[in-house]
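Presented below is the structure to which this report refers.
The values are calculated or read from the model by the stated rules, or taken from the named source; none is laboratory data. The shown structure was predicted, so the numbers you read here are calculated from the model rather than taken from an experiment. Ideal geometry is used to build each Cβ from the backbone, glycine not excepted, and the neighbour counts take in all protein chains shown. Quick note on the areas: whole protein, heavy atoms, side chains included, nothing else; ligands and nucleic acids left out. Shrake-Rupley method; radii C 1.70, N 1.55, O 1.52, S 1.80 Å.
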Amino acid sequence: MCIFCKIIAGEIPNKTILEDENFLAFEDINPSANIHALIIPKVHIQSFNEMTPNIMANMTTFIQEVALTLGVKSDGYRLITNIGTNGGQEVEHIHFHMLAGEKLGPIYKK
Ligand code: 5GP
Ligand code: ZN
């Protein structure tokens, strides 16, 4: 079982921000911004490459609810999903990073 599936199963503790039957948002253990949430589907999907339009549609609504819950919707935030080796994906269970709570720097520096 992957590490995020273990979190979903309750085998690894997490700081939950928002949860419904299909998705979970929780605090990143090693935050890259003042607010750093991870948002995942409860079904194991390796990366964005394997996402379906149906799950993505429902996840869109959930992500917007996470932004509301965190109080960052109007001030703004950044969503990132890393894909594969060159994308820098370390956990092979699709997740969106939500970075917020400060004015973020440039998205990419060589
Ligand atoms: P990736 O590099 O795959 O896009 O991001 C993986 C993220 O998962 C990293 O930001 C890392 O800090 C986070 N992470 C890894 N293991 C755990 C964990 O056990 N709990 C939590 N809350 N976050 C984790
Ligand atoms: Zn998984």
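Of the strands (runs of 3 or more DSSP E) lying entirely inside the stretch 1-49, those containing at least 2 residues that are surrounded by fewer than 17 Cβ atoms within 10 Å (Cβ to Cβ) and not small (Gly, Ala, Ser) are 16-19. Being under 13 Å from the mean Cα position of the chain (by Cα) and without any contact (Cβ under 8 Å) to a residue 60 or more places away in the chain holds for only one residue in PRO53, PRO41, and it is PRO41.
Checking each residue in the stretch 64-105 for being under 16 Å from PRO31 (Cβ atoms), among the β-branched types (Val, Ile, Thr) and assigned to a loop (DSSP other than H, G, I, E, B) picks out VAL72, VAL91.
Screening LEU68 on (1) free of Cβ contacts under 8 Å to residues at least 12 places away in the same chain; (2) within 23 Å of ILE107 (Cα to Cα); (3) within 15 Å of ligand 1 (Cβ to nearest atom) shows it passes everything except condition (3). Annotation note: Cβ proximity below 6 Å between a residue of the stretch 1-20 that is touching a residue at least 60 places away in the same chain (Cβ under 8 Å) and a residue that is more than 11 Å from ligand 1 (Cβ to nearest atom) and not hydroxyl-bearing (Ser, Thr, Tyr) (sequence gap 6+ or interchain) occurs for CYS5/HIS44. Among the numbered conditions (1) near ligand 1 (Cβ under 10 Å from one of its atoms); (2) within 19 Å of VAL72 (Cβ to Cβ); (3) of a type outside the set (S, T, N, Q), the only one that ILE7 does not meet is (2). The residues of the stretch 64-74 that are under 16 Å from ASN22 (Cα atoms) and open to solvent by 50 Å² or more (accessible area, probe 1.4 Å), listed by number, are GLN64, GLU65.
Please verify whether MET59 is in contact with a strand residue (DSSP E or B) (Cβ under 7 Å, 6 or more places away or on another chain) and of a type outside the set (S, T, N, Q), treating the condition exactly as stated. Yes. Summed over the stretch 50-63, residues that are open to solvent by less than 80 Å² (accessible area, probe 1.4 Å) and either part of a helix (DSSP H, G or I) or among the aromatic types (Phe, Trp, Tyr) (or both) total 9.
Scan the stretch 88-110 for residues that are surrounded by fewer than 13 Cβ atoms within 10 Å (Cβ to Cβ) and modelled with pLDDT of 95 or more and the total you get is 4. Against the numbered list (1) touching a Leu at 6+ places or on another chain (Cβ under 8 Å); (2) surrounded by fewer than 17 Cβ atoms within 10 Å (Cβ to Cβ), TYR77 comes up short only at (2).
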